[in-house]
Amino acid sequence: MSALDTLSRIPRASVEFANVILTTPDAAIGRTPRDVIWTHRQTTLYRYRSTQRSHPLPVLLVFALINRPEIFDLRPGNSFVEFLLDEGYDVFLVDWGQPDEEDADMGLANFVCDELHWAVRETLRCAGEDELTLLGWCIGGTLTAMYCALNPGGPVRNAMLLTTPIDPSDSLYARWVGGDEFDVDLIADSYPAIPGAGIDWANKLMKPVTNYVTTYRRLFQGILEGRDPRESYQAMAKWVADNPPFPARAYREWITWMYKENRLVSGRLRLRDRRVDLAEIEQNLLVVTAGADHIAPPGGTVPLLDLVASEDVTHLDRPGGHIGLMAGSKAKHEIWPELADWLGERSGR
């Protein structure tokens, strides 16, 4: 394209760029049909029914407390839920909902020992099985690891942990919030539910140029060159902007126990007076790290590999970022088939 052609396209591209940005809230995400199986407080368990189920073990998906779980089902053609259904799995998803001031008392024990525990129970009841696969991503992976450690010999046969914080002591997060200068008690005492927008802002400041400049530059460049990035851009942008509040007690515990005191990897984290001992994890274990992950760097996840009792342990370290590894445009052709291969070998009777 000549410089003159590029110049002539700028006015129209600018209008289209503005249109894409302004209509992003109207994007439809999480469109795969699902049924409500169980609810408690803000938590909902959904079931996605496969029309070609070929694997007995259901898969229960668990995401973080700071984003919505629709990232598992972003849009048609780029949906991990859709992929698993096509692979023949009965898929369930736990949605933590939108906590508010009434949920300020919800701590990590409530999420691991109650909400997740009951979601596992209801998944097994609904699927008519005695075992399942638990797949956790981000903080959801940490909650999954805690659950497996507290339930050795339980119903979880396979544990899949994607870009999961385990030992965050050397992470950028730890440098930001791990010191005494970050007063987590002041924040937790001021907000019964920490506003999701504030957490999102802090996350974006970890890569400010990428989040506030590069993303928009790439969008405009694509429009200028005649591509139509509307569908892919809007789905991800809408998901990124939807940040539920973080219950104050859980927020205080997460920051203190993980980033200030590093209790999990040192074996000092307790839930309901029970020690969360990672050496008790005995499930078939898949750990996935992303080389460019700045949220949960690989170095903060791999210590788990030497701590668990699992005899079947697989580690996949792949290029990509914290979210892009699983939800980027290349994910369905690169990482998803690898997950399916690993899971397929461990999901029979």
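The values are calculated or read from the model by the stated rules, or taken from the named source; none is laboratory data. Quick caveat, the model's predicted, so the values are computed rather than measured. Every residue, glycine as well, gets a Cβ built from its backbone with ideal geometry; the counts of neighbours run over all protein chains shown.
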Could you please let me know if Phe63 is more than 23 Å from Ile194 (Cα to Cα) and either surrounded by 13 or more Cβ atoms within 10 Å (Cβ to Cβ) or touching a Pro at 6+ places or on another chain (Cβ under 7 Å) (or both)?
no
Across (1) touching a residue at least 60 places away in the same chain (Cβ under 8 Å); (2) closer than 24 Å to Gly140 by Cβ, Glu231 clears everything bar (2)
The condition of being in a strand (DSSP E or B), surrounded by fewer than 16 Cβ atoms within 10 Å (Cβ to Cβ) and on the phi < 0 side of the Ramachandran plot holds, among Asp317, Asp341, only for Asp317
Quick check: is even one residue across the stretch 279-299 surrounded by fewer than 16 Cβ atoms within 10 Å (Cβ to Cβ), over 20 Å from the mean Cα position of the chain (by Cα) and modelled with pLDDT of 95 or more?
yes
State whether one or more residues within the stretch 304-313 are more than 17 Å from Cys148 (Cβ to Cβ) and not acidic (Asp, Glu).
no
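Residue by residue, here is whether (1) surrounded by 14 or more Cβ atoms within 10 Å (Cβ to Cβ); (2) touching a strand residue (DSSP E or B) at 6+ places or on another chain (Cβ under 7 Å); (3) part of a loop (DSSP other than H, G, I, E, B); (4) at positive phi holds:
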site: Ala13; (1), (2), (3), (4): yes, no, no, no
site: Val20; (1), (2), (3), (4): yes, no, no, no
site: Gly30; (1), (2), (3), (4): yes, no, yes, yes
site: Arg53; (1), (2), (3), (4): yes, no, yes, no
Within the stretch 180-215, residues being farther than 30 Å from Ala104 by Cβ and touching a residue at least 40 places away in the same chain (Cβ under 8 Å) number 1
Got a number for residues in the stretch 73-114 being in a loop (DSSP other than H, G, I, E, B) and either surrounded by fewer than 19 Cβ atoms within 10 Å (Cβ to Cβ) or within 16 Å of the chain's Cα centre (by Cα) (or both)?
10
Within the stretch 147-166, residues surrounded by fewer than 21 Cβ atoms within 10 Å (Cβ to Cβ) and either in a loop (DSSP other than H, G, I, E, B) or polar (S, T, N, Q) (or both) come out as Asn151, Pro152, Gly153, Gly154, Pro155
Among residues belonging to the stretch 1-11 that are touching a helix residue (DSSP H, G or I) at 6+ places or on another chain (Cβ under 9 Å) and in a helix (DSSP H, G or I), point out the one that is modelled with the highest pLDDT.
Ile10
Determine which single condition Thr144 fails, assuming it passes every other condition in (1) surrounded by fewer than 24 Cβ atoms within 10 Å (Cβ to Cβ); (2) in a helix (DSSP H, G or I); (3) modelled with pLDDT of 95 or more.
(1)
